[in-house]
Amino acid sequence: MSFLHTLIHGNEGGLKTDGLTPTQKVTLRAVIIGVLYYGLSALEGMMMRAHAITPLPMLNDTHYFSVMTVHPIVGIFGSTYLIVFGAFTFLVPYLMKKPLYSIKLANATWMLIALGALLAWLGGFLFHYAPLYTLYWPLPVDFKQFDALGGFVFISGIALIMIGTLGFIYNIFATVFYTEEGHEKRPFKPLLLSALGIDGVLNIWYKMTGREPYSKEPAVSLPVVAIFRGTIDTFLDALVILTCGILILVYIVGDLSGAPMDYTAVNALLYKNFFWWGLDLIADGLVLIYIAGSWYLLAMLITGKKLFMQNIARAALLLELIVSWAVWSHHLLADQGQYNMMKLVSGEMVTAFELVTQGIAIFITLVTLWSARPLKMTNELKFLLGGILGFMLAVPAGIIQADMGLNRILHNTQWVAGPHFHVAILVGLTMTLYSAIYILWPTLTNNVKLYSQKMATYHFWAHLVGGIGMGAFMGMAAMDGMLRRTLYLEGEYQTYMILAGVCGLLLLSAWVVFLLNVVLSIGVKGLIGIFTKSKLQTKDLVPQT
Amino acid sequence: MTDSVDVLNMLKIVYTLYTLAVISLICWFGLEVVNPKGKPRIVKASTFYVYVGALITVGVAIHIVTFNKIPWVEIDFKRDSLKAAQVVNITIEDHKFMLPSPKIELKCNEYVMFDVASKDLTYGFGIFRQNNSMVTQMQVVPGSKNDLMWKFGKNGVYHLRSTEYSGPKGAHMYIKDVFEVTGCTEDDKYSQKRGSL
């Protein structure tokens, strides 16, 4: 069979999209757009990597920082949010054994987020709007540096993403709580207690006091608890970002209408606290919780066994809820106006608990896998182990920088960008998502055969080595004083940057190979067919066989 | 006196060893979990609790150790009650540092208070050695008190750089050889400059 034929029709006939349910299609749409946005983000990353080696003539300062501004927006919202939301849109009803609350809303969600990410990207690409994702007040409304129209486009994009996010949240909560047609009424209280993980705490308490368990069979499975818990942070985060977005939009509209407003009316430090409280609910809230939930689910699916220490895992998810609300001050350890006590309690001590909560998730997942050996080294297992490794590296790196002594010399250096959040996102988070994609692949595609296992293996190793390597060389540059968000024009850190660039190329090549493998498996026809209306008028998640 | 070079060197060693240990652990786990001769094993609950105890200990110990070993932490905590021998007032506006003088001389082993104000955006204030490694830094937030107390223990000549992004116009907020520390018995070998200021 020719390569061209396989490319168009897929491997062994490819994806038969006529047989896909609406839920399968909406999930695949979100995931595919998310994977494409990942590629765009990786390309932007490589542009910046190349510029760090030697300044590129095509990138002036304004252009460079606009790329830096849209890079995380595309990567986090355009890619990660879409892949995660897509997967959970399928998994929550799948695990709850009932249909998704609304397929229409799920379609609106991915479209709003995809459109929002595109608009935000255009704000950077066309107008070079570049306040970075941190949006430190009053930089987003500094119209001496930025075009207000660019700001309007960018912030409108972010607002659309947040509205789409609220749609996802509503759909997930509604799916957990609603009673489907023909089913006896599902009581609200046990569902809520279980979804919050409170039944796990009660079970531990009842056991300690010598009583029968509060709930022998929890109303909500553990991965759904994690998704529910993480979604609470997603909601709060969306509210904060929307509020800041509206504030910025008010100033933008004022400027565009010829009535500029006084930016000193907003206290920059107070705003920074508020914004970081919300933004940190992504990094230290929903990501960690969603990841823990995904690991638990993957471990159970890979082993076919129950999770080790279920009640502890449920309780730990509740603990993470409280921890994630109280850690934002670690982003303000270098702010001398921030109270020392807030730095100490929120910035250092409560943040250190993330080592505990994430450590518990790692332990429980590994022990569950261990309890079922010998296992087969499948793609999902190897990517899961890669994801766990990523967080084993990145979380301690974060705890280290969340120390008042070390933060003084690590804040805003490449340490934050490299060993901490790029390793967390690229190795920890993304490899976990790839594991989920590989394990859901047969269910979502009705058993399309993967085109090439060799390509999947290359994808794994190139991504793992590239991700860890890039983080390591950025970290080494940080030790020698290299800041993030700063241009070095005299080749100060060139050796590290060349090595980090090579690792970045590995990462990019991993994505190209993965995408090619997917397209060759399902075929271009199958790929297009995913975006057409489903011919199956059913609320079932997968076709009835 | 311990300086940032010492701390970062120690961090390099500790984190590199940790990284190698963790990678080795996952490699070993990956090999063993698929070992055809491997038997399923149930881990005791007590092992889990010991592990959680170890995590809590490590999480807290990091901060206790750094508080006791890194001198600037205590200075930072007590800066309101410590008397500065020298106060350096700096203002930043329109992406420009306005210094009290082009070259600022600092005395060894005396408390210096850097009091930096921003008239518009959020900036950073960072002191760097001749080899570009960082001595110290803080954020400079408009409308807030931005005071950093420091004690230099080695002779050297240091650069000033904004450590926070303030828009593309702030990309080159960098002034070489602003601070000179004298009077110490030891030289900062990474901050020596030929000739005088």
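Throughout, read-outs are computed from the coordinates displayed, never taken from laboratory work. This structure is a prediction, so every number in the text was calculated from the model and none was measured. Methodologically, a virtual Cβ is constructed for each residue, glycine included, from the backbone with ideal geometry; neighbour enumeration extends over all protein chains shown.
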Other chains near B:167-177: what is the mean number of their Cβ atoms within 10 Å of each residue's Cβ?
-> 5
Pop a pseudo-label 7 angstrom from the Cα along the beta-carbon direction at both A:Ala174 and A:Lys216 and give the gap in nm to one decimal.
-> 3.6 nm
Per residue of A:344-353, other chain Cβ atoms within 10 Å number on average 3
So, by mean Cβ neighbours within 10 angstrom, what's the order for A:61-71, A:287-297, B:44-54 with the highest one leading?
-> A:287-297, A:61-71, B:44-54
Give or take rounding to whole Å, what are the principal axis extents of the alpha carbon atoms in region A:1-129, in descending order?
-> 52, 42, 22
Residue-by-residue Karplus 3J(HN,Hα) for region A:249-262, coefficients 6.51, -1.76, 1.60, Hz, glycine and proline x = 4, 4, 5, 5, 4, x, 5, 5, 8, x, 10, x, 10, 6
From the Cα gyration tensor of region A:214-312, with a ≥ b ≥ c the square roots of its eigenvalues, which class applies: rounded if a/c is under 1.5, or else prolate if a/b is larger than b/c, or else oblate?
-> prolate
Alpha-carbon Rg/Rh ratio, for region B:1-53, with Rh computed the Kirkwood way | 1.22
Most fluctuating of B:Pro36, B:Pro142, B:Pro100 in the GNM of chain B (C-alpha, under 10 Å) is B:Pro36
With r defined as the distance between the Cβ atoms of B:Ser101 and A:Leu115 and R0 fixed at 45 Å, what FRET efficiency is calculated, to the nearest 0.05?
-> 0.25
Neighbours of B:Met134 by Cβ distance under 12 Å: Lys/Arg at +1, Asp/Glu at -1, summed charge +1
Cα-Cα over 21 Å, subset of A:Lys185/A:Lys535; A:Lys382/B:Lys44; A:Lys104/A:Lys533; B:Lys83/B:Lys119 | A:Lys185/A:Lys535; A:Lys382/B:Lys44; B:Lys83/B:Lys119
Could you give the dipole magnitude of region A:145-293 about its Cα centre, charging the beta-carbon of Lys and Arg +1 and that of Asp and Glu -1, in debye to the nearest 20?
-> 520 debye
Would you tell me the mean number of C-beta atoms belonging to other protein chains that fall within 10 Å of each C-beta in A:377-390, as a whole number?
-> 2
What do the square roots of 5 times the Cα gyration tensor eigenvalues come to for chain A, in whole Å, largest first, as semi-axes of the equivalent ellipsoid?
-> 35, 29, 25
Restricting to chain B, compute how many DSSP beta bridges are antiparallel as a %, nearest 5.
-> 65 percent
Summed over the other residues with a beta carbon less than 10 angstrom from that of A:Ile103, with K and R at +1 and D and E at -1, the charge totals +3
In units of 2.2 N^0.38 Å, the Cα radius of gyration of chain B is 1.39
Would you calculate the separation in nanometres between label points at A:Leu126 and A:Ser509, each defined as 7 Å from the Cα along the Cα-to-beta-carbon direction?
-> 3.7 nm
Can you work out ³J(HN,Hα) from phi for every residue in region B:127-138, in order, using Karplus 6.51 cos²θ - 1.76 cosθ + 1.60 and θ = phi - 60°, giving whole Hz and x for Gly and Pro?
-> 10, 10, 7, 5, 8, 6, 6, 8, 8, 6, 6, 7
Cβ-defined net charge surrounding B:Pro36, 13 Å radius [Lys, Arg +1; Asp, Glu -1] | +3
Between B:Lys39 and B:Glu74, what FRET efficiency follows from the Cβ-Cβ distance if R0 is 41 Å, with the result rounded to 0.05?
-> 0.20
So which residue, out of B:Val33, B:Val181, B:Val140, gets the largest mean-square fluctuation from a GNM of chain B using Cα contacts under 10 Å as springs?
-> B:Val33
Gyration tensor verdict on region A:135-233 (Cα atoms; rounded if a/c is under 1.5, prolate if a/b is larger than b/c, oblate otherwise) = oblate
Nearest-20 debye value, chain A charge dipole, Cβ charges on Lys, Arg, Asp, Glu = 1820 debye
Estimated vicinal HN-Hα couplings, Hz - region A:108-122 in sequence order (Karplus 6.51, -1.76, 1.60; Gly, Pro = x) | 4, 4, 5, 5, 4, 5, 5, 5, x, 5, 5, 4, 4, 5, 5
Which pairs break 20 Å Cα to Cα here: A:Lys16/A:Lys525; A:Lys272/B:Lys151; A:Lys16/A:Lys454; A:Lys25/A:Lys539; A:Lys305/A:Lys539; A:Lys305/A:Lys454?
-> A:Lys272/B:Lys151; A:Lys16/A:Lys454; A:Lys305/A:Lys539; A:Lys305/A:Lys454
Show the residues, 5+ positions off or on another chain, whose built amide H is closer than 5 Å to the amide H of B:Thr91.
-> B:Met98, B:Ala117
With labels modelled as points extended 7 Å from the Cα through the Cβ direction, what inter-label distance (nm, one decimal) is found for A:Met349 paired with B:Cys108?
-> 3.9 nm
About the Cα centre of region A:1-145, how large is the charge dipole given +1 on each Lys and Arg Cβ and -1 on each Asp and Glu Cβ? Please answer in debye to the nearest 20.
-> 500 debye
Orientation-averaged projected area, Cα convex hull of region A:433-545 (nm²) | 10.1 nm²
Straight-line reach check, A:Lys189, cutoff 23 Å on alpha carbons, 8 or more apart in-chain or any other chain, hits among lysines -> A:Lys97, A:Lys98, A:Lys207, A:Lys216
FRET efficiency for B:Glu93 and B:Asp177, using Cβ-Cβ distance with R0 set to 25 Å, rounded to 0.05 = 0.70
